[in-house]
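The values are calculated or read from the model by the stated rules, or taken from the named source; none is laboratory data. These numbers were taken from a predicted model, which means no experiment stands behind them. No Cβ is skipped: glycine too gets one built from the backbone with ideal geometry, and neighbour counts run over all protein chains shown.
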Amino acid sequence: MTNTKKKKIVLTGGGTAGHVTPNIALLPHLKEAGYEVTYIGSVNGIEKELVRDCGIRYVGVPTGKLRRYFDLKNFTDPFRVAGGFLKARRFLKKYRPDVVFSKGGFVSVPVVRAAAALKIPCVIHESDMTPGLANRLCFKAADKVCCNFPETVEKLPKGKAVLTGTPIREELFTGSRQEGLRICGFTDSASKPVLMVMGGSQGALSVNEAVRRHLDDLLPDFNIVHLCGAGKYDDSKEGIAGYKQFEYVKEDLKHLFAAADVIVSRAGANAIFEILALQKPNLLIPLSIGTRGDQILNARSFEAQGFSQVLVESEEEGILDRKLVSTVRELYHNRDKYIEAMAGAGQQGSISTIMGLLNDLADK
């Protein structure tokens, strides 16, 4: 009688929803392949909340941010990172997973480095065109580095880079347009297309404000569903016909996507790859102030590939007020061109590619 040992995998990543949702997208495929799955995240990070309902074990470790600017926390966070490494190492040594998959964020650094110290194979995934600091600190420890953009491959260690695209949650493809319209209370859908505005998991203040300032210009042409972010709901706009706000949507997101005819979004990698997979004409307004510019690069790549229109706030003062309405109208008018370009995109099949890498390393 053959004794088949169940394979074990540790997933890690956190700090923002974008460092967690691709891991969640992999879960059904890992379970189908027979993996026992454990998630290592920070003690109280957003990843703990997002993973809570997934039915897998969660292990919290201390973590700290590795900053490239002065902050008093720079004196204490290295000790938290060291504590995270020690706790992750103790757990991994006892649990002995066959492979680790990391989606990045600073919580992943001690986990990946601890796994490498124990000679546990690791696959990491970089979402943005230019690798972030946390992932760069893990390159040496990783066996394979997955990425989303062809331009990123040359920035990664030779022999480790694999162009995969981002894992997309399969449930997003199962939405009902009619259910999405019902949730929003849009009764005139036959005459008006639906504009969906997304600011990311944290919301986008400038985009939120610009959309709300121009409701009188947009509502004659569009019904608007606005995912505005936690704490950014505007009570003064409650009850406006054709305008529906949500701070955050989870189970019903697939229906809202199905109802959307065009989308306005930030340019976080996971969001834009979901939009690409669903082939929704989109206007990207990348986060450009106080960042390393990764969203601008993401957006420009999608623009060059014909997937998106782009407005960059930092390029022209007041650009959102001057061009938001006309650009959304132009986008909708030319929607078929964008849909055709997205239909021919090469970044498809990411889950099967990543599963292949994980299985190869786990079986060694």
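Structural remarks
Yes/no per residue for (1) buried (at least 19 other Cβ atoms within 10 Å of the Cβ); (2) more than 21 Å from E171 (Cα to Cα); (3) not assigned by TED's automatic domain parsing to the domain that holds I46:
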residue: S191; (1), (2), (3): no, yes, yes
residue: M196; (1), (2), (3): yes, no, yes
residue: G199; (1), (2), (3): yes, no, yes
residue: N208; (1), (2), (3): yes, yes, yes
residue: D216; (1), (2), (3): no, yes, yes
residue: K232; (1), (2), (3): no, yes, yes
residue: E247; (1), (2), (3): no, no, yes
residue: A259; (1), (2), (3): yes, no, yes
residue: G268; (1), (2), (3): yes, no, yes
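- Residue check, A299 of a type in the set (G, A, S) and surrounded by 13 or more Cβ atoms within 10 Å (Cβ to Cβ): yes
- The helices (runs of 4 or more DSSP H) located wholly in region 77-136 that include 3 or more residues which are more than 26 Å from the chain's Cα centre (by Cα), farther than 26 Å from S301 by Cα and assigned by TED's automatic domain parsing to the domain that holds V37 occupy 77-95.
- Test: residue in region 285-293 that is assigned to a helix (DSSP H, G or I) and surrounded by fewer than 21 Cβ atoms within 10 Å (Cβ to Cβ): no
- Any chance S301 is in contact with a Phe, Trp or Tyr (Cβ under 7 Å, 6 or more places away or on another chain), among the small types (G, A, S) and at pLDDT 90 or above: yes
Okay, residues lined up against (1) in contact (Cβ under 8 Å) with a residue 60 or more places away in the chain; (2) in contact with a Gly (Cβ under 9 Å, 6 or more places away or on another chain); (3) assigned to a loop (DSSP other than H, G, I, E, B); (4) aromatic (F, W, Y):
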| site | (1), (2), (3), (4) |
| --- | --- |
| G239 | no, no, yes, no |
| Y248 | no, yes, yes, yes |
| E251 | no, no, yes, no |
| L256 | yes, yes, no, no |
| N270 | yes, yes, no, no |
| L276 | yes, yes, no, no |
| N298 | yes, yes, no, no |
| V325 | yes, no, no, no |
| E330 | no, no, no, no |
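- Condition check for S288: in contact with an Asp or Glu (Cβ under 7 Å, 6 or more places away or on another chain) and not β-branched (V, I, T): yes
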